[in-house]
1. Does Asn49 satisfy being under 21 Å from Asn128 (Cα atoms) and of a type outside the set (A, V, I, L, M, F, W, C)?
2. Of all residues in the range 72-121, how many are in contact (Cβ under 8 Å) with a residue 60 or more places away in the chain and in contact with a helix residue (DSSP H, G or I) (Cβ under 8 Å, 6 or more places away or on another chain)?
3. Quick check on Leu61: is it under 18 Å from Tyr6 (Cβ atoms), in contact with a Cys (Cβ under 7 Å, 6 or more places away or on another chain) and of a type in the set (A, V, I, L, M)?
4. Does Thr127 count as in a loop (DSSP other than H, G, I, E, B) and either acidic (Asp, Glu) or surrounded by fewer than 22 Cβ atoms within 10 Å (Cβ to Cβ) (or both)?
5. Return the pairs, sorted by first residue and then second, in which the second residue is among the hydrophobic types (A, V, I, L, M, F, W, C) and modelled with pLDDT under 95, the first residue lies in the range 6-32 and is farther than 19 Å from Asp77 by Cβ and part of a helix (DSSP H, G or I), the beta carbons are less than 7 Å apart, and the residues are 6+ apart or on different chains.
6. Return yes or no: is Lys169 among the charged types (D, E, K, R), in contact (Cβ under 8 Å) with a residue 24 or more places away in the chain and in a helix (DSSP H, G or I)?
7. Quick one: would you say Leu167 is within 21 Å of Met38 (Cα to Cα) and touching a Lys or Arg at 6+ places or on another chain (Cβ under 8 Å)?
Amino acid sequence: MIQEIYQKTISFAAEKHKKQFVPGTEYSYVVHLSNLAMELFAAYQYDSNFDLAYAVQLALLHDTIEDTQTEYKELHDKFGEKVAIGVSALTKNKSLGTKQEMILDSLARINKLEKEVGIVKLCDRITNLQKPPKHWDKIKIHKYLNEAKTILDQLKMKNKYLEDRLLSKIKEYEKYL
């Protein structure tokens, strides 16, 4: 059942991210993860044509390889190959150099996998398009906005509800420029 999958996965993610906070806030990183799951549940109400359990696992684990000491093998052993591969695709390859190169590479890997991986990336950017941290300048805000537009463009046809929601968040975020 989805409840058991959610509990097992968020418990693992909470342990891995226990010292991490949502950037620019004092909120536990688990808030970000649960917000992604909330976006998935809302999207599922509008279009249930995706594997919700798989998507929830990806959402809750999407930053474990990138932002914690978690390795691919640990995810593979605990959650299976499909989840580990999906999380790996959602992870930026930091050896590529520029942020733009990392994002395009990740999006290319995402597009080779099941649509749930792309759906999670859409949810991630939706939840990240909040008021920017105070230390961001206009250049950083503009780059982040352009990244969101690239994500939306590259992940077309994954989920209409989430695409519309991200487009709305992009338009709203423009007020920070």
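1. Criteria not met by Asn49.
2. Going through the range 72-121 one residue at a time, the tally reaches 6.
3. No, not satisfied.
4. Here the answer is no, as Thr127 does not meet what is asked.
5. Tyr29/Phe21; Tyr29/Val22; Val31/Val22; His32/Val22
6. yes
7. No, not satisfied.
The values are calculated or read from the model by the stated rules, or taken from the named source; none is laboratory data. Keep in mind that what you see is a predicted model, and the values were worked out from it rather than measured. Heads up, the Cβs are rebuilt from the backbone with ideal geometry, glycines too, and the neighbour counts pull from every protein chain shown.
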